[in-house]
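Chemist: Have a look at the structure that comes next, please.
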Amino acid sequence: MDTSSDNAEAVAETSHSRGYHIPELVVWHGQSPETLLEQMHSMMAEAETAPDKSGLLKRLAFETQQGFSHDTGPSEVRVSLTAYTESEFLKKAAQAIRMISEAPDTPFSFPSAGLFYGMGEPLGRIAFLFPGQGAQYPGMGGALANAFPAARKAWETLGNMAFSGHTIREVVFPEGTDSDEAAQAAFLRLSGADWASPCISVAGEAIFTLLEKMGVHPDAVAAHSFGDINALRAAGVFGPEQMIRLTRYRGELGVSCPLATRGCILAVPEPSEKTRSILAAHNIEDLWIANYNTRQQTVLSGEKESVDRAQQAFADEGIKTRMIPISAAPHCPLAANVAENFYAYLADVPFGRAQCDVYSFLFGRRINSNPDLLRKVLRAHIKKPVRFFSQIEQMHHDGIRIFVELGPGNILTTLVGQILEGRQHIALNTDHKKADPVLVFLNVVAELFKQGRIQDLSVLREDAETPDYAPPADTPDQFADPAPDAETEKRLKKLDMEISRIESMRSNRAQTA
């Protein structure tokens, strides 16, 4: 994976050359499983007879993506897979053919293997979710910007917006962080309330742009904490530059508070009732529940001294808590002045009506998109608790079945999975800081293709020439293969294990049936 400095260099590039050594997405679609299998068998036969398979994956990805158009009519059956190499592709395609041939009416999704097969209508309505402060990490968004020009554009425009003598891009992709001390200082700056939200906003905007160009439009938007402004931007209430200015100004208000009352927040893996009882038993005051995340997770907000005492109290009870990297305490009375000052600022900001359903974590339900109401909700969001659990429950009740997290990390995807465990839904994160972000994103696209939500895939090949079989001889160093042969073999062995697991699951289901 790229380091933050490598990504910074790539984001700064004006060239739109496409990296050769990145994962690819191959898709097929047809009116029936039989026609789909014909396509796949034909392509496999071509692959097997190719004199030189080097570069084959790139060409097949290009051709199948360019050959797909929603305008040609609905595709009743759809297959998508992701792979790094020709050998991975051939194994996955063969496995997909085998499963579809044996059970053509049974859709499947195996993200860990990069295999997806669907038919008919989507599972349900789709919502975009936007994370708040705490999701940020250095280098976020760089890999996608390196791979896709549409994502790069967000960093070349919004990322170049400057505040206090620094651009957002400089804060996300810091230079001179070779030492631990310098890296820690850069992370602390990124995690400050004045920088975290606008930086997260650019990372989310890049992903939003890619999905929008694919024709994936949300039926609803929602957020966790300070992702609310990003959600309103996705709903069309205001534009991307206004989003950045709003998130930055709100953050500046947070760090301008007196140091003694800025506070911090603490994640507690316990229900709210038990959390309150432990605080009461230890006589801890000036601490409030900021987030009702799930049935089993509560987040506290308050003054630093109280948070420290609470962390020790939970430790005494055998409960391991986690301090969240943020420089101001939101969603509690300490943020009242910030809320009122921000509301005064919003009076002069033009708001439009939302183009899709908007859910508020303040009420845990869908709200009216009247601009005046939206301004009041943004004010209340700052000082009132986040009822994320209630919000997701209501969205599911209202027919939302596909939840896509737009932004760094997978915090919200994990929470949605915990909240809706055992119920029909799909929760997708478009980024993960401990995995290849391009592969993570393409697996989301593969799932959405399977669901029939994709209308156009040309954005993935934007400004990219049709690849030849072999990689170019003058491939720039920045695109050098990060995976040595040993790593490739390791991936193939892992894939073999995953295919064995899939076959075992299918066998068990068949025996049960």
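The values are calculated or read from the model by the stated rules, or taken from the named source; none is laboratory data. Note that the structure is a prediction, hence the values are computed from the model and not measured. With ideal geometry, Cβ positions are generated from the backbone for all residues, glycine too; neighbour counts draw on all protein chains shown.
Chemist: Based on this model, can you work out whether G318 counts as without any contact (Cβ under 8 Å) to a residue 40 or more places away in the chain and surrounded by 14 or more Cβ atoms within 10 Å (Cβ to Cβ)?
Modeler: no
Chemist: If A96 satisfies every condition in (1) under 24 Å from the mean Cα position of the chain (by Cα); (2) over 23 Å from L415 (Cα atoms); (3) surrounded by 22 or more Cβ atoms within 10 Å (Cβ to Cβ) but one, which is the exception?
Modeler: Of the numbered conditions (1) under 24 Å from the mean Cα position of the chain (by Cα); (2) over 23 Å from L415 (Cα atoms); (3) surrounded by 22 or more Cβ atoms within 10 Å (Cβ to Cβ), the odd one out for A96 is (1).
Chemist: Of everything in the range 392-429, what is farther than 20 Å from F116 by Cβ, small (G, A, S) and buried (at least 19 other Cβ atoms within 10 Å of the Cβ)? Give them in sequence order.
Modeler: Listed by number, the residues that qualify are G407, G409.
Chemist: Take the range 378-389 and flag every residue that is without any contact (Cβ under 8 Å) to a residue 60 or more places away in the chain and either under 27 Å from Q296 (Cα atoms) or in contact with a Ser or Thr (Cβ under 6 Å, 6 or more places away or on another chain) (or both).
Modeler: If the condition is that a residue be without any contact (Cβ under 8 Å) to a residue 60 or more places away in the chain and either under 27 Å from Q296 (Cα atoms) or in contact with a Ser or Thr (Cβ under 6 Å, 6 or more places away or on another chain) (or both), then A380, K383, K384 are the ones that fit.
Chemist: Go through the range 277-321 and report how many residues are of a type in the set (A, V, I, L, M) and in a strand (DSSP E or B).
Modeler: 5
Chemist: Cβ-Cβ distance below 6 Å, separation of 6 or more or different chains: which pairs start in the range 79-93 with a residue that is without any contact (Cβ under 8 Å) to a residue 60 or more places away in the chain and surrounded by fewer than 21 Cβ atoms within 10 Å (Cβ to Cβ) and end on one that is not β-branched (V, I, T) and not in a helix (DSSP H, G or I)?
Modeler: Sorted first by the residue in the range 79-93, then by its partner, the pairs are E86/K53.
Chemist: Whether any residue in the range 450-466 is of a type in the set (S, T, N, Q), in a helix (DSSP H, G or I) and at pLDDT 90 or above is what I want to check.
Modeler: Yes, the range 450-466 contains at least one residue that is of a type in the set (S, T, N, Q), in a helix (DSSP H, G or I) and at pLDDT 90 or above.
Chemist: Within the range 128-142, is even one residue crowded, with 24+ Cβ neighbours inside 10 Å, out of contact with any Leu (no Cβ under 9 Å at 6 or more places or on another chain) and in a helix (DSSP H, G or I)?
Modeler: Among the residues of the range 128-142, at least one is crowded, with 24+ Cβ neighbours inside 10 Å, out of contact with any Leu (no Cβ under 9 Å at 6 or more places or on another chain) and in a helix (DSSP H, G or I), which makes the answer yes.
Chemist: Further question on the same structure: For the range 136-156, indicate whether the set of residues that are among the hydrophobic types (A, V, I, L, M, F, W, C) and touching a strand residue (DSSP E or B) at 6+ places or on another chain (Cβ under 7 Å) is non-empty.
Modeler: Among the residues of the range 136-156, not one is among the hydrophobic types (A, V, I, L, M, F, W, C) and touching a strand residue (DSSP E or B) at 6+ places or on another chain (Cβ under 7 Å), which makes the answer no.
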